[in-house]
Amino acid sequence: GNPPYLGRALQSADQKNDMATVFAGVSDKFKNLDYVASWTIKGAQFAKSVGAHCAFVTTNSICQGEQVALLWPLVFRLGIEIGFACQSFKWRNNAAANAGVTCVVVGIRPLSNAKKMIFADDLVRVVKHVSPYLIEFDDTVVEKRAKPLSNIPPIDFGSMPNDNGCLLLGREEREKLLASNPASRDLIRKLTGSQEFIKGVERWCLWIDDEKLPLASSIPEIAKRIDDCREHRMNSGREATNALAQTPYRFGEVRHEDTEAIVAPLHFSEDRPYLTLGLVDGSQCVISNSASAVFNPPGYLFAIMSSRLHLVWTASVGGQLETRLRYSNTLVYNTFPIPELSSNQKATLESHSVDILSAREAHPGKTIAWLYD
């Protein structure tokens, strides 16, 4: 079957009621599941009751990220297993407004000794067990964690402007502002997020604290931007944004330290062999909320996060945007198991961190996207 997919944000009120009906008595933690998960539950219940096999074409989202832990333990609890699976593939139909979607096919059945298979591209493998992540593994699922499992610093989203662009500057806007008001240099910092870091997009921001507010207010171009930001926040329909109008010269959510920081984009190309992370100086650069940040990291952590193994972990337990990898603070970074490291191991990893950065610096002017192509 090919049921409707529909993530939480796209479900109508009737469809949300459908979900509540299906999951009544099954679980109260279903609201973040895609609509198609209802068919998976009903199919599993039917398979258990009459010994049936069934399979659905679904979005790949129910076999990755947080949805795995929300859905599949409920299925396995019924004595149901995955008999075969087709891993992620792009599916397009002939509809006029066809946007295409990344799908999987999952076949479920009562527990059986019959062979199990995983299909990928033009190949099929007979395996001992099909994991809910659609790889050969057991039924272990990874659940989100609020804090790191391992002894590493916390990670969080970067700072969110919530400014309607009033506090952000392109390269030409920055140059024009500096030309007319050289004193504004102390109020401007480089801004980096996913696109800025990977593709080399040049963007800047106004970074103003209470101490520098008088200087900012004395520069007409900056004062106007502050006024525009205040108006934007006051006109918002959200009370929390209205409250931010009291400090229109600052980002809406400030998560920043003037230290060295690892910048981790939220999405990565699945075609690159490593996660393309960066190391920036927080006293010169602000990390935006389109990326995550680890401030004041130990020297060895950059090498671990840049490792092939960390990408494999991300691809296995994290979510995806189409087929691109989605880096999650709670689901990838916080759950990544790192053993206790000796001083020698940390020193070795730190030297690898230096080697990675040195290899990049050997190609000045080239973007991360170019370097890792």
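I'm trying to understand the selection: among the residues of segment 161-186, which are in contact with a Phe, Trp or Tyr (Cβ under 8 Å, 6 or more places away or on another chain) and surrounded by fewer than 13 Cβ atoms within 10 Å (Cβ to Cβ)?
ARG171
Could you check ASP163 against (1) at pLDDT 95 or above; (2) within 25 Å of the chain's Cα centre (by Cα); (3) among the charged types (D, E, K, R); (4) over 30 Å from ARG203 (Cα atoms) and say which number it fails?
Among (1) at pLDDT 95 or above; (2) within 25 Å of the chain's Cα centre (by Cα); (3) among the charged types (D, E, K, R); (4) over 30 Å from ARG203 (Cα atoms), the lone unmet condition for ASP163 is (4).
Give, as residue ranges, the strands (runs of 3 or more DSSP E) completely inside segment 67-145 that count at least 2 residues that are within 20 Å of THR40 (Cα to Cα) and among the β-branched types (Val, Ile, Thr). Lay out the reasoning, then the answer.
Details: elements: 80-91, 101-110, 116-120, 123-127.
Correct list: 80-91, 101-110.
If you scan segment 324-339, which residues turn out to be in contact (Cβ under 8 Å) with a residue 24 or more places away in the chain and open to solvent by less than 80 Å² (accessible area, probe 1.4 Å)?
Result: LEU325, TYR327, SER328, ASN329, THR330, LEU331, TYR333, ASN334, THR335, PHE336, PRO337, ILE338.
Considering only residues of segment 183-218 that are of a type in the set (Val, Ile, Thr) and in contact (Cβ under 8 Å) with a residue 40 or more places away in the chain, which is farthest from VAL263 (Cα to Cα)? Can you show your working first?
Step one: filter segment 183-218 for residues of a type in the set (Val, Ile, Thr), giving 188, 192, 198, 201, 208.
When the remaining residues are screened for being in contact (Cβ under 8 Å) with a residue 40 or more places away in the chain, the result is 192, 198, 208.
Working: THR192: 8, ILE198: 10, ILE208: 21 Å.
Of everything passing the filter in segment 183-218, ILE208 is farthest from VAL263 (Cα to Cα).
State whether the residues of segment 171-190 include one that is within 28 Å of THR330 (Cα to Cα), modelled with pLDDT of 95 or more and in contact with a Cys (Cβ under 9 Å, 6 or more places away or on another chain). Quick ask: steps written out before the conclusion?
Here is the first cut: in segment 171-190, the residues within 28 Å of THR330 (Cα to Cα) are 190.
Filter again for modelled with pLDDT of 95 or more, leaving 190.
Cutting the leftovers down to in contact with a Cys (Cβ under 9 Å, 6 or more places away or on another chain) gives us 190.
Scanning segment 171-190 turns up at least one residue that is within 28 Å of THR330 (Cα to Cα), modelled with pLDDT of 95 or more and in contact with a Cys (Cβ under 9 Å, 6 or more places away or on another chain).
Could you check segment 40-59 and list, in sequence order, the residues that are touching a residue at least 12 places away in the same chain (Cβ under 8 Å) and either small (Gly, Ala, Ser) or surrounded by 20 or more Cβ atoms within 10 Å (Cβ to Cβ) (or both)? Spell out how you get there, then give the answer.
Start the filter on segment 40-59 by keeping residues that are touching a residue at least 12 places away in the same chain (Cβ under 8 Å), which leaves 40-45, 47-48, 51-59.
THR40, ILE41, GLY43, ALA44, ALA47, GLY51, ALA52, ALA55, THR58, THR59 - these are the residues of segment 40-59 that are touching a residue at least 12 places away in the same chain (Cβ under 8 Å) and either small (Gly, Ala, Ser) or surrounded by 20 or more Cβ atoms within 10 Å (Cβ to Cβ) (or both).
Answer yes or no as to whether PRO4 is surrounded by fewer than 18 Cβ atoms within 10 Å (Cβ to Cβ), in a helix (DSSP H, G or I) and either of a type outside the set (D, E, K, R) or within 27 Å of the chain's Cα centre (by Cα) (or both).
Details: surrounded by fewer than 18 Cβ atoms within 10 Å (Cβ to Cβ): yes; in a helix (DSSP H, G or I): no; either of a type outside the set (D, E, K, R) or within 27 Å of the chain's Cα centre (by Cα) (or both): yes.
For PRO4, the condition - surrounded by fewer than 18 Cβ atoms within 10 Å (Cβ to Cβ), in a helix (DSSP H, G or I) and either of a type outside the set (D, E, K, R) or within 27 Å of the chain's Cα centre (by Cα) (or both) - is not met.
What's the number of the condition GLU66 fails, among (1) more than 18 Å from the chain's Cα centre (by Cα); (2) open to solvent by 20 Å² or more (accessible area, probe 1.4 Å); (3) touching a residue at least 12 places away in the same chain (Cβ under 8 Å)?
Against the list (1) more than 18 Å from the chain's Cα centre (by Cα); (2) open to solvent by 20 Å² or more (accessible area, probe 1.4 Å); (3) touching a residue at least 12 places away in the same chain (Cβ under 8 Å), GLU66 comes up short only on (1).
Can you work out which of the residues in segment 108-138 that are surrounded by fewer than 16 Cβ atoms within 10 Å (Cβ to Cβ) and charged (D, E, K, R) is nearest to ALA240 (Cα to Cα)?
Result: ASP138.
Filter segment 238-269 down to the residues that are aromatic (Phe, Trp, Tyr) and in contact with a strand residue (DSSP E or B) (Cβ under 7 Å, 6 or more places away or on another chain), then identify the one that is farthest from ARG189 (Cα to Cα). Lay out the reasoning, then the answer.
Step one: list which residues in segment 238-269 are aromatic (Phe, Trp, Tyr), which gives 249, 251, 268.
Applying the additional criterion that residues be in contact with a strand residue (DSSP E or B) (Cβ under 7 Å, 6 or more places away or on another chain) yields 251, 268.
Values: PHE251: 13, PHE268: 25 Å.
Only one residue fits best here, namely PHE268.
Got at least one residue in segment 147-160 being of a type in the set (Ser, Thr, Tyr), closer than 30 Å to CYS205 by Cβ and open to solvent by less than 30 Å² (accessible area, probe 1.4 Å)? Break it down stepwise before answering.
Start the filter on segment 147-160 by keeping residues that are of a type in the set (Ser, Thr, Tyr), which leaves 150, 159.
Add one more test, that the residue is closer than 30 Å to CYS205 by Cβ, and what stays is 159.
From what is left, the residues that are open to solvent by less than 30 Å² (accessible area, probe 1.4 Å) are 159.
Yes, some residue in segment 147-160 is of a type in the set (Ser, Thr, Tyr), closer than 30 Å to CYS205 by Cβ and open to solvent by less than 30 Å² (accessible area, probe 1.4 Å).
How about segment 340-373: which of its residues are open to solvent by 90 Å² or more (accessible area, probe 1.4 Å), under 27 Å from the mean Cα position of the chain (by Cα) and farther than 16 Å from SER306 by Cβ?
GLU340, LYS366, TRP370, ASP373
Taking segment 7-37 only, how many residues are open to solvent by 50 Å² or more (accessible area, probe 1.4 Å) and touching a Ser or Thr at 6+ places or on another chain (Cβ under 8 Å)?
Residues that pass the stated criteria total 1.
The values are calculated or read from the model by the stated rules, or taken from the named source; none is laboratory data. It should be emphasised that the depicted structure is a prediction, and the values quoted were computed from it without experimental measurement. Cβ: placed from backbone, ideal geometry, glycine included. Neighbour counts: every protein chain shown. Surface accessibility is based on the protein's heavy atoms, side chains included, excluding ligands, DNA and RNA. Shrake-Rupley method; radii C 1.70, N 1.55, O 1.52, S 1.80 Å.
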